[in-house]
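As structure tokens, the structure follows; a few thoughts come after it.
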Amino acid sequence: METIKKGENKFYMGENETNCIAEINYYPNGDKEIDIDHVYVSRAFRKQGIGKIMVDQVVALARKEHKRINPVCSYAEKVLTENEEYADVLICNFDEME
């Protein structure tokens with residue numbers, strides 16, 4: 001498996017930030033929040049858990065920086081809300097809002 005690299009407001013796998021096989025984009029939102037707005041995995045690498053691995057990178061960053069995550073991206077929202085292990089970093093439980 002490719003090495004995960006840190007770029008400008010993203011983690012990615014591949015040669016560089018513009019030519020990657022997987023990426024997750026995130027942005028600081030104030031002092032205590034991180035928004036995840038995009039997760040991408042190349043079609044050839046899907047169904048291998050890489051998307052979740054990318055989400056885990058932002059979760060680790062949020063925990064290290066004592067921040068919470070707002071999953072704007074639908075994939076990140078699905079991963080974060082379906083796993084209780086992320087409850088400590090998730091800003092809102094979307095299931096309760098429905």
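The values are calculated or read from the model by the stated rules, or taken from the named source; none is laboratory data. What you see is a predicted model, and the numbers here were worked out from it, not measured in a lab. Here Cβ is always computed from backbone atoms with ideal geometry, including for glycine, and neighbour counts include all displayed protein chains.
Numbers below:
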item: Residue that is nearest to Asp88 (Cα to Cα), among those in the stretch 5-29 that are assigned to a strand (DSSP E or B) and of a type in the set (Val, Ile, Thr); result: Ile24
item: Where a residue in the stretch 7-20 is within 20 Å of Gly49 (Cα to Cα) and of a type in the set (Lys, Arg) and its partner, wherever it lies, is at pLDDT below 90 and surrounded by 13 or more Cβ atoms within 10 Å (Cβ to Cβ), with Cβ under 7 Å and at least six apart; result: Lys10/Glu17
item: Residue ID - nearest to Lys67 (Cα to Cα), chosen from residues in the stretch 30-49 that are out of contact with any Phe, Trp or Tyr (no Cβ under 6 Å at 6 or more places or on another chain), part of a strand (DSSP E or B) and not acidic (Asp, Glu); result: His38
item: Residue list for the stretch 19-31, filter: surrounded by fewer than 15 Cβ atoms within 10 Å (Cβ to Cβ) and either at pLDDT 95 or above or touching a helix residue (DSSP H, G or I) at 6+ places or on another chain (Cβ under 8 Å) (or both); result: Tyr27
item: Considering residues of the stretch 53-95 that are surrounded by fewer than 17 Cβ atoms within 10 Å (Cβ to Cβ) and touching a helix residue (DSSP H, G or I) at 6+ places or on another chain (Cβ under 8 Å) only, the residue farthest from Lys5 (Cα to Cα); result: Asp95
